[in-house]
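What follows is calculated from the coordinates using simple rules that are stated; it is not laboratory data. What you see is a predicted model; the values in this text were computed from it and never measured. Glycine also receives a Cβ, built like all others from the backbone with ideal geometry; neighbour counts cover every protein chain displayed.
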């Protein structure tokens, strides 16, 4: 489920962009940090239709997590959420063209071009500390987008169990898949052939909590055949990955 939010300074002010996206504060918070593009944010939401009938909600459950400004959520949410304080709560109205558009979202009974009515709360903000970038001997490009201090690093190795969050795009920017859309990590054992070879390599010697951008050549991905219908043959794979939890093989 997707969500939206943002910071407003005036208590009763309702902000509206040219596209008619609008929101108003419910619960304001004083803060030293506000959300910005590139931040990882956790959020509670309730989505309703124009009559107030609830479509979905995660209040009282696990927050929804996504990266601001990276196209992981509907466009209206990316715009409205930038500049929000932790703990802040608002009502948000998103027009159809900034929501699920002409396709709608059948599984949630959202019709095409339907206006979305959200109550949202920003739970937490994570801001990355970038690290190094390199290319492996196998031709995989790895860029550390959030590094972990060496003295705090629990490092992955062959046989460890990985709890991974990921977003996958193709070279032209086409979105393919994301664990965030399922609100659950992808779990596998490292170097046991449970994932594509390039992913085993990319996540070896990675710290728990570390985040990386990874480009995997097709030879170490889905090969010449690809994975129809979403991944064509000979596709380079562009991953954003997080080692969310690490279980060492001797802990199993």
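Of the three principal axes defined by the Cα atoms of the stretch 133-251, the extents in descending order read 41, 31, 24 Å. Largest GNM mean-square fluctuation across 86, 26, 125, computed for the chain with C-alpha springs under 10 Å, falls on 26.
Only beta bridges with both residues in the chain are counted; by DSSP, about 100 percent of them are antiparallel.
Over the stretch 74-136, Cα pairs under 8 Å with separation of 6+ residues give a relative contact order of 35 percent.
Residues 200, 42, 51, 160 in ascending order of nearby Cβ atoms (within 10 Å, fewest first): 51, 42, 200, 160. Distance from a point 7 Å along Cα→Cβ of residue 219 to each backbone N in the stretch 165-190: keep the residues under 18 Å and list them by number. Correct set: none at all. Each peptide among 162-171, 72-81 gets the average number of other Cβ atoms lying within 10 Å of its residues, and from highest to lowest they stand as 72-81, 162-171. Per-residue ellipticity at 222 nm computed for the chain from its helices equals -1000 deg cm²/dmol, with DSSP H segments shorter than 4 residues left out and the rest contributing -39,500 (n - 2.57). Taking the alpha carbon gyration tensor of the stretch 118-175, multiplying each eigenvalue by 5 and rooting it gives semi-axes of 25, 20, 14 Å, largest first.
For the chain, the relative contact order works out to 17 percent when only alpha carbon pairs closer than 8 Å and six or more residues apart are counted. Let me see the P(r) profile for the stretch 37-176: every Cα-Cα distance counted, bins of 10 Å, each bin given as a percent of all pairs. Going out from 0 Å in 10 Å bins, the stretch 37-176 shows 9, 31, 32, 18, 9, 1 percent.
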